[in-house]
Amino acid sequence: MPALFLNLLKIIFLLLIYIFLWQVARSMRSHVSPNARRSNKTAREIAVVRSETLAGRRFSLEQPKVIGRSSDADIIIDDSYASEFHLRIGFQDGEVILNDLGSTNGTYLNGRRVSVPTAISSSDSIQIGKTIFEVR
């Protein structure tokens, strides 16, 4: 009887190790390749979901856009957490690419900070400070 119990404990232990390693691999995949499960639906516009001054506005992504506080930005946002030139969105190789321009407080795509050029698609959420855009 004790041998059977020990074998059962070994199997349970091995199963727990397998589940743990599987979760670690899933987590690493999402960090290394955040676009692995993205839909192929190309974004055509961004809509301002939350902003003190721009809520409800929509902007076409047919041409590259620079978003920031500067009056020279294509989309000017009144957000104290935004940099003068915070991010750029434009097409590259048939995809819409979001590129943080070295902002101080960062750009967040679906809740994750973006540090490298990243493909975006419909239904993604982009956050700059308190301002939130939805990709459509």
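The values are calculated or read from the model by the stated rules, or taken from the named source; none is laboratory data. Remember, it's a predicted structure, so these values are computed and weren't measured experimentally. As a convention, Cβ positions derive from the backbone with ideal geometry for all residues, glycine included, and neighbour counts pool all protein chains shown. The accessibility values were calculated without ligands, DNA or RNA, using every heavy atom of the protein model including side chains. Shrake-Rupley method; radii C 1.70, N 1.55, O 1.52, S 1.80 Å.
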Restricting the first residue to the range 41-63 and requiring it to be among the aromatic types (F, W, Y), which pairs with a second residue that is open to solvent by less than 60 Å² (accessible area, probe 1.4 Å) and modelled with pLDDT under 90 meet a Cβ separation below 9 Å and a spacing of at least six or different chains?
-> F59/E45
State all residues of the range 1-53 that are part of a loop (DSSP other than H, G, I, E, B) and modelled with pLDDT of 90 or more; if no residue qualifies, say none.
-> S51
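Looking only at the range 79-104, which residues are in a loop (DSSP other than H, G, I, E, B), surrounded by fewer than 16 Cβ atoms within 10 Å (Cβ to Cβ) and of a type outside the set (D, E, K, R)? Working first, answer last.
Of the residues in the range 79-104, the ones in a loop (DSSP other than H, G, I, E, B) are 79-86, 93-94, 101-104.
Checking which are surrounded by fewer than 16 Cβ atoms within 10 Å (Cβ to Cβ) leaves us with 80, 84, 93-94, 101-102, 104.
Within the range 79-104, S80, G94, L101, G102, T104 meet the criteria.
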Go through the range 58-78 residue by residue and tally those that are touching a Ser or Thr at 6+ places or on another chain (Cβ under 8 Å), part of a loop (DSSP other than H, G, I, E, B) and either at pLDDT below 90 or open to solvent by 30 Å² or more (accessible area, probe 1.4 Å) (or both).
-> 2
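Pull up the range 105-116, narrow it to residues that are assigned to a strand (DSSP E or B) and more than 19 Å from E45 (Cα to Cα), then point me to the one that is most open to solvent (accessible area, probe 1.4 Å). Don't jump to the end; show me each part of the working.
First pass over the range 105-116, keeping only residues assigned to a strand (DSSP E or B): 107-109, 112-114.
Among the residues that remain, those that are also more than 19 Å from E45 (Cα to Cα) are: 112-114.
On the way: R112: 106, R113: 134, V114: 11 Å².
So the residue we want is R113.
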